[in-house]
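Shown next, in structure tokens, is the structure this report addresses.
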């Protein structure tokens, strides 16, 4: 049960290292923006026998057309989920969402705020924005500065919509443990200490240990 709630985020590695890292996992996020991969690499990675999320964040090295190409290739190769930023253009979101739905790939529309956690009303509007963008799961990830920030993020789980919440930073770590136990579809972890792809990420081994203590 716990294994299926934890998504291991993988990046900063070669395609071969990525494939080796997937052994024994049930769910993983492939950070295509943090890897150099060919179309053939993508076919091999996303044909592995586990659920994979294709993610490609905006970087100085990749423009939107390049990012979109990588995500569409991942969907064609068998990605179970694709992650799209909510603030992306409507045409960008629509093309990827249409392709995903034609292939039985679920859509995660995500919002990231690396500076703060907005007030509850604004967060609720952002969740609705994600839903209106055609999402299956709305992902809300915000930098946490206080316990009230954690409480606001977790309150979004009192919702009929599928919402995944993540508190980024040291003070937000508790959300990574508690959110999936309160209804968040999954939480994100690193493969091991030192391989984090986001601030405040916990290793899968440590996260499993903490979640079992709370079950």
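Of the residues making up the range 194-211, those that are over 16 Å from the mean Cα position of the chain (by Cα) and free of Cβ contacts under 8 Å to residues at least 60 places away in the same chain are 194, 205, 206, 209, 210. Identify, from the list 149, 132, 90, 160, the residue that is closer than 21 Å to residue 181 by Cβ and loosely packed, with under 12 Cβ neighbours inside 10 Å. Being closer than 21 Å to residue 181 by Cβ and loosely packed, with under 12 Cβ neighbours inside 10 Å holds for just one of 149, 132, 90, 160, which is 160. Scanning the range 17-27 turns up one or more residues that are over 16 Å from residue 193 (Cα atoms), under 16 Å from the mean Cα position of the chain (by Cα) and outside any loop (DSSP other than H, G, I, E, B).
Scanning the range 7-55 for residues that are touching a strand residue (DSSP E or B) at 6+ places or on another chain (Cβ under 8 Å) and over 20 Å from residue 203 (Cβ atoms) returns 32, 33, 45, 46, 54.
When you scan the range 57-74, do you find a residue that is modelled with pLDDT under 95 and in contact with a strand residue (DSSP E or B) (Cβ under 9 Å, 6 or more places away or on another chain), even just one? Within the range 57-74, one or more residues are modelled with pLDDT under 95 and in contact with a strand residue (DSSP E or B) (Cβ under 9 Å, 6 or more places away or on another chain). When the residues of the range 147-193 are filtered to those that are under 21 Å from residue 114 (Cβ atoms) and without any contact (Cβ under 8 Å) to a residue 24 or more places away in the chain, the one that is farthest from the chain's Cα centre (by Cα) is 148. Among the residues of the range 178-203, those that are in contact with a helix residue (DSSP H, G or I) (Cβ under 9 Å, 6 or more places away or on another chain) and part of a strand (DSSP E or B) comprise 187, 188, 189, 190, 202.
Scanning the range 58-80 for residues that are under 16 Å from residue 107 (Cβ atoms) and assigned to a loop (DSSP other than H, G, I, E, B) yields a total of 3.
Evaluating residue 112 against the criteria (1) exposed (fewer than 15 other Cβ atoms within 10 Å of the Cβ); (2) in contact (Cβ under 8 Å) with a residue 24 or more places away in the chain; (3) in contact with a strand residue (DSSP E or B) (Cβ under 6 Å, 6 or more places away or on another chain) leaves one unmet condition, (1). Can you tell me which of (1) modelled with pLDDT of 95 or more; (2) farther than 18 Å from residue 7 by Cα; (3) not in a helix (DSSP H, G or I) is the one residue 149 doesn't meet? That leaves (3) as the condition not met. When 41, 33 are checked against the criterion of being crowded, with 16+ Cβ neighbours inside 10 Å, part of a helix (DSSP H, G or I), modelled with pLDDT of 95 or more and touching a helix residue (DSSP H, G or I) at 6+ places or on another chain (Cβ under 6 Å), a single residue qualifies: 41.
The values are calculated or read from the model by the stated rules, or taken from the named source; none is laboratory data. The shown structure was predicted, so the numbers you read here are calculated from the model rather than taken from an experiment. Don't worry about glycine lacking a Cβ; one is built from the backbone with ideal geometry, like all the others, and counts go over all protein chains shown.
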